[in-house]
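Visitor: Can you keep this structure in mind? I'll have questions shortly.
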Amino acid sequence: MNHFQQFSLDQVTQPVEQARGLPNEHYTDPGLHEAEKQHVFFDNWMALCFGKDVPEPGDAMPIEALGQPLFVLRGRDGVIRVFQNVCRHRGMILVDRKKRLSGVVRCPYHSWCYDHSGTLHTTPHVGGPGYNTHDAIDRASLGLIEIRSHVWQDIVFINMSGAAPSFSDYASSLIERWSEFEQPIWFGGEESAFELDAATNWKLAVENYCESYHLPWVHPGLNSYSRLEDHYNIIEPGRFSGQGTLVYRPILSEKGEKFDDFDGLGEKWTTGAEYAALYPNVLLGVHRDQTFAIILVPTAMERTLERVAIYYASPGMQDGSMADMRRRNAELWKGVFEEDIFVVEGMQKGRHAMKFDGGRFSPVMDGPTHAFHHWVASQFKRAL
Amino acid sequence: MSANAIERIDADLLAAHERSDGPALAWLYEAAAAVKEEQGDVDAACFFLTQAYVFALEAGLDQSAALRGRLVANGREEAPTGPIAEARIARPPEG
């Protein structure tokens, strides 16, 4: 990092009244994109996928995390683990497609086999035909490389470096803030998951999600009942930021039916809902009758896949009789999120304007977005 | 058993490989091992037992434990130190 970049980051970490946004290079420079992988994603707890992606014991799914080949496995013990997706022998990819394993993970090349905890179980013919052992092959030291992982709210988080504090510490302030939602959640099924592909850097999706400033302009439909003045900022420096609303209204069916509420919620949640970005790449929403999560997958520097999943408060909400309501609910959210696409894509194009200086923040309205910029800049400054 | 027996198994093995039929592969390789054991060819038998063992492990077949025991008895495999982390499922061979 050169002096100019250091100076630019110092401008980002100024108080919101004086700060500028992250420099353009953080959205357009492949070199910084590479550095970001380590400092922003791998050194922290990044969201990888959902637990519902591997719902049954034995379910395995290959997944790339910013170019790193991994696979997620729900073991026979029900525990989700994340492994580097390569054999310890010749580095062959082990799991090439989503599948349900009846037994071990077998490398398709020379058939070294690993059990569901990653232990190297057998090494066929390694000592010659019919000889499956050799003094030089110490199976105990040749298990799969497991990536540190943690599942919270059905989101599988990983810490690639292994050096971050525990997830419980990392996310403690958000877990505490939403402690009333620390109860089972139930995935709404096929119609409650969708993906949006946007020609934008992932950070712009976070920035847009954090603030309510844009709501009356970009989401006029929401503004009819959820006005700008009904929202408040949520800022936890160094951890998460977002916005809350005071006027959440649960969806009703034509017959007046509604989704079950979570148990034991306080009065705040009767009409309140909150939306927060847990840094770096997961956007969360909590409501009395549902939660959702959007995992931002940076598929390229200027491309982001948004994976959305909606969860409900009781197993009854998974029933076929609720399918129409779940579908309608998902369509409502999808419509809102799609309204944001032109904004995040427009800002990405804008980041190629060579004289754009990162932009200024509204000290009143943009605090959550500035908090995110501050955090990203701090990850780079920490690495200096 | 004769050379014809191995040829018949070989043809079935190729077909089972073609359709990636793990349980059938486990049973057929075990059958090939039995032929070689009967002929007193321990090395060839252990080669086939190893093949059977791997496919039994992958398919989660109950027979994997017994196959491993036979390999261990012949000094070809490490003795188990504890239960493996995946459940074994008893399934008949297909086809």
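The values are calculated or read from the model by the stated rules, or taken from the named source; none is laboratory data. Bear in mind that the values here come from a model prediction, so they are computed numbers and not experimental data. Note that we place each Cβ from the backbone using ideal geometry, even for glycine, and neighbour counts take in every protein chain shown. Ligands, DNA and RNA are excluded from the accessible area calculation, which covers all protein heavy atoms including side chains. Shrake-Rupley method; radii C 1.70, N 1.55, O 1.52, S 1.80 Å.
Visitor: Taking Cα atoms, how many degrees apart are the long axis of helix A:3-12 and the longest axis of chain A, rounded to 10 and kept between 0 and 90?
Guide: Value to nearest ten degrees: 50.
Visitor: Here is a further query. Against the longest alpha carbon principal axis of chain A, how many degrees, from 0 to 90 and to the nearest 10, is the axis of helix A:323-339 turned?
Guide: 70 degrees
Visitor: Using the Karplus equation 6.51 cos²θ - 1.76 cosθ + 1.60 (θ = phi - 60°), what ³J(HN,Hα) coupling, rounded to whole Hz, does each residue of the range A:166-177 give in order, writing x for Gly and Pro?
Guide: 4, 4, 4, 6, 4, 10, 4, 5, 6, 4, 5, 4
Visitor: Under the definition of partner shielding as Cβ atoms of other protein chains within 10 Å of a residue Cβ, what is the mean value for peptide A:108-114?
Guide: On the way: counts 0, 0, 1, 7, 1, 6, 4.
Averaged over the peptide's residues, the number is 3.
Visitor: What FRET efficiency would be calculated for the residue pair A:L142, B:A5, taking the C-beta separation as r and a Förster radius of 35 Å, to the nearest 0.05?
Guide: Working: r = 37 Å, r/R0 = 1.06.
The computed FRET efficiency comes out at 0.40.
Visitor: Same structure, new question: Mind ranking A:132-139, A:99-106, A:204-211, A:268-275 by how tightly packed they are, going by the mean number of other C-beta atoms within 10 angstrom, highest first? Walk me through the intermediate numbers first.
Guide: Values: A:132-139: 13.8, A:99-106: 20.5, A:204-211: 24.9, A:268-275: 17.6.
Descending mean neighbour count gives A:204-211, A:99-106, A:268-275, A:132-139.
Visitor: Right, here's the next one. For labels at A:V218 and A:D263 in the simple 7 Å Cα→Cβ model, what's the distance in nm?
Guide: Calculated label separation equals 3.8 nm.
Visitor: Related question: Which FRET efficiency, nearest 0.05, do B:V42 and A:S168 yield, Cβ-Cβ r, R0 51 Å?
Guide: With R0 = 51 Å, the Cβ-Cβ based efficiency is 0.40.
Visitor: Now for a separate question. What residues have an amide H closer than 5 Å to that of A:I155, excluding those fewer than 5 places away on the same chain, when H is modeled at 1.01 Å from N in the peptide plane?
Guide: It is A:G51, by chain and number.
Visitor: Right, another one. Here are some pairs, A:K99/A:K203; A:K203/A:K268; A:K203/A:K334; which of them have Cα atoms lying more than 27 Å apart in this structure?
Guide: Numbers: A:K99/A:K203 32 Å; A:K203/A:K268 30 Å; A:K203/A:K334 20 Å.
Checking Cα-Cα distances, A:K99/A:K203; A:K203/A:K268 exceed 27 Å.
Visitor: Can you run phi through the Karplus equation (6.51, -1.76, 1.60; θ = phi - 60°) for the range A:199-211 and list ³J(HN,Hα) in whole Hz, with x for Gly and Pro?
Guide: So the Karplus estimates, Gly and Pro as x, are 7, 8, 6, 4, 5, 5, 5, 5, 4, 5, 5, 5, 10 Hz.
Visitor: Note down the accessible area of A:W112, probe 1.4 Å, to the nearest 10 Å².
Guide: About 10 Å², ignoring ligands and nucleic acids.
Visitor: Work through the residues other than A:H110 whose Cβ is under 13 Å from its Cβ and net out their charges, Lys, Arg +1 and Asp, Glu -1. Before the final figure, lay out each step's value.
Guide: Working: positive: A:R88, A:R90, A:R106; negative: none.
Overall, the nearby charge balance is +3.
Visitor: Given H placed 1.01 Å from N in the peptide plane, which residues other than close sequence neighbours of A:T122 have an amide H under 5 Å from its amide H?
Guide: Those qualifying (amide H under 5 Å, at least 5 residues apart or on another chain) are A:C113.
Visitor: Extending each Cα 7 Å along its Cβ direction at A:Y109 and A:A199, get the distance between those two points in nm, one decimal.
Guide: Taking the simple label geometry, A:Y109 and A:A199 are separated by 3.8 nm.
Visitor: To continue, here is another question. Going Cα to Cα from A:K258, which aspartates and glutamates come in below 15 Å? Please leave out same-chain ones fewer than 8 positions away.
Guide: In chain and number order, the partners are A:D289, A:D319, A:D324.
Visitor: Working with all protein chains in place, sort A:W217, A:W178 by solvent-accessible area computed with a 1.4 Å probe, largest first. Mind showing how you got there, number by number?
Guide: Values: A:W217 195, A:W178 10 Å².
Order by accessible area, largest first: A:W217, A:W178.
Visitor: What is the average number of partner chain Cβ atoms found within 10 Å of a Cβ in B:67-78? Write down the numbers at each step before the final one.
Guide: Working: counts 0, 3, 0, 0, 6, 2, 0, 2, 4, 9, 7, 7.
Mean shielding count: 3.
Visitor: Tell me the label-point distance for the pair A:K98, A:T299, using the 7 Å Cα-to-Cβ offset, in nm and rounded to one decimal.
Guide: Modelled inter-label distance: 1.5 nm.
Visitor: Which cysteines does chain A leave without a neighbouring Cys Cβ under 4.7 Å?
Guide: A:C49, A:C113, A:C210
Visitor: Assigning unit charges at the beta carbon (Lys, Arg +1; Asp, Glu -1) and nothing else, what dipole magnitude in debye, to the nearest 20, does the protein assembly as shown show about its Cα centre? Provide the component values of the computation, followed by the final result.
Guide: Working: 44 positive and 66 negative charges, 111 e Å.
The dipole magnitude comes to about 540 debye.
Visitor: Could you tell me how many degrees, from 0 to 90 and to the nearest 10, lie between the Cα long axis of helix A:367-383 and the main elongation axis, the longest principal axis, of the Cα atoms of chain A?
Guide: Result, in degrees: 40.
Visitor: Residue-wise, which Karplus ³J(HN,Hα) couplings in Hz belong to the range A:43-53, taking 6.51 cos²θ - 1.76 cosθ + 1.60, θ = phi - 60°, and x for glycine or proline?
Guide: Whole-Hz 3J(HN,Hα) from phi for the range A:43-53: 7, 10, 9, 9, 7, 9, 6, 9, x, 5, 6.
Visitor: Counting only residues 5 or more places away or on other chains, whose amide H sits under 5 Å from the amide H of A:D59 once H atoms are built in the peptide plane?
Guide: Result for A:D59 returns A:R74, A:L101.
Visitor: Between A:Y232 and A:D324, what length in nm is gained on full extension when 0.36 nm per residue of separation is reduced by their alpha carbon distance? Numbers along the way, then the final one.
Guide: On the way: separation 92, 0.36 × 92 = 33.12 nm, distance 3.20 nm.
Full-extension gain reported as 29.9 nm.
Visitor: Efficiency by 1/(1 + (r/R0)^6): what FRET value for A:T28 and B:T81, r their Cβ-Cβ distance, R0 = 51 Å, to the nearest 0.05?
Guide: On the way: r = 54 Å, r/R0 = 1.05.
After rounding, the FRET efficiency stands at 0.45.
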